[in-house]
1. Do we have Asp101 as closer than 24 Å to Met136 by Cα, open to solvent by less than 60 Å² (accessible area, probe 1.4 Å) and either acidic (Asp, Glu) or at pLDDT below 90 (or both) here?
2. When residues of the range 93-114 are filtered for being under 26 Å from Arg28 (Cα atoms), of a type outside the set (Lys, Arg) and touching a strand residue (DSSP E or B) at 6+ places or on another chain (Cβ under 7 Å), how many remain?
3. So, Val151, is that one modelled with pLDDT of 90 or more and part of a loop (DSSP other than H, G, I, E, B) or not?
4. What number of residues in the range 117-142 are touching a residue at least 40 places away in the same chain (Cβ under 8 Å) and open to solvent by less than 20 Å² (accessible area, probe 1.4 Å)?
5. Residue check, Thr52 against (1) modelled with pLDDT of 95 or more; (2) surrounded by 12 or more Cβ atoms within 10 Å (Cβ to Cβ), all met but one. Which one?
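The values are calculated or read from the model by the stated rules, or taken from the named source; none is laboratory data. Predicted model only: the values in this text are computed from it and were never measured. Virtual Cβ from ideal backbone geometry, glycine too; neighbours counted across all protein chains shown. Only protein heavy atoms, including side chains, enter the accessible area calculation; ligands, DNA and RNA are left aside. Shrake-Rupley method; radii C 1.70, N 1.55, O 1.52, S 1.80 Å.
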Amino acid sequence: TTRRKARKYLLQESPSDEAFEKESIAFRKFQIEKCYPLVLGASANDESKGYTYVRRRSEVGDQGGFAAYGETQVKLVDGERIELKRVLSHREYGIASSRADPSRHVVRTVRTCFLIDGQSIYIERFQSPCPKITLMYVQASSGEGGDELNVPAFIRECVVREVTGQNEYSSRRISTRR
């Protein structure tokens with residue numbers, strides 16, 4: 001269990017790898033694929049009963065080698081969002097993704113992960129279905145928001161605005177077929 005929260009920012013673009021290297025910031029890039037399988041008893045549009053997604057993560061440039069798989073069940077309990085996560089095998093992921101909700105796209109992103117002053121940050125550049133969206137997630141400190149955004153200038157220059165809590169920037173909303 002954890003009580004961590006992330007603040008979310010809309011970026012006009014993803015900073016280049018060269019910008020990270022110039023600032024000597026170590027980073028790793030992953031390809032992420034999120035699929036929303038149909039769940040018995042849950043409605044595709046009603047989140048009050050919760051929802052589930054499965055994820056495949058592989059390192060960019062790994063040429064299809066190692067991948068990690070996981071499942072996240074999201075439930076709403078007394079107005080609070082609770083996530084239950086577990087690791088999946090390749091086979092379990094295949095079964096879950098074969099039951100994909102036809103009203104949703106598979107969401108594909110490239111994720112750049114790095115640390116700044118011990119703070120975990122990642123930038124998610126959507127590939128599909130909305131290739132124009134880039135989001136940055138910053139692990140919030142114990143003070144819920146209001147803290148100054150502590151990132152290098154080359155990243156701060158890309159920030160359009162904070163979108164924490166704005167549903168239209170959730171992967172689940174982005175996955176919806178229109």
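1. Answer is no for this residue.
2. So the first thing to find is which residues in the range 93-114 are under 26 Å from Arg28 (Cα atoms), and the list is 93-94, 97, 105-114.
Remaining after also requiring of a type outside the set (Lys, Arg): 93-94, 97, 105-107, 109-110, 112-114.
This time we only want the ones that are touching a strand residue (DSSP E or B) at 6+ places or on another chain (Cβ under 7 Å), so: 93, 97, 105-107, 109-110, 112-114.
Number of matching residues: 10.
3. Values: modelled with pLDDT of 90 or more: yes; part of a loop (DSSP other than H, G, I, E, B): yes.
Yes.
4. Selection size over the range 117-142: 7.
5. (1)
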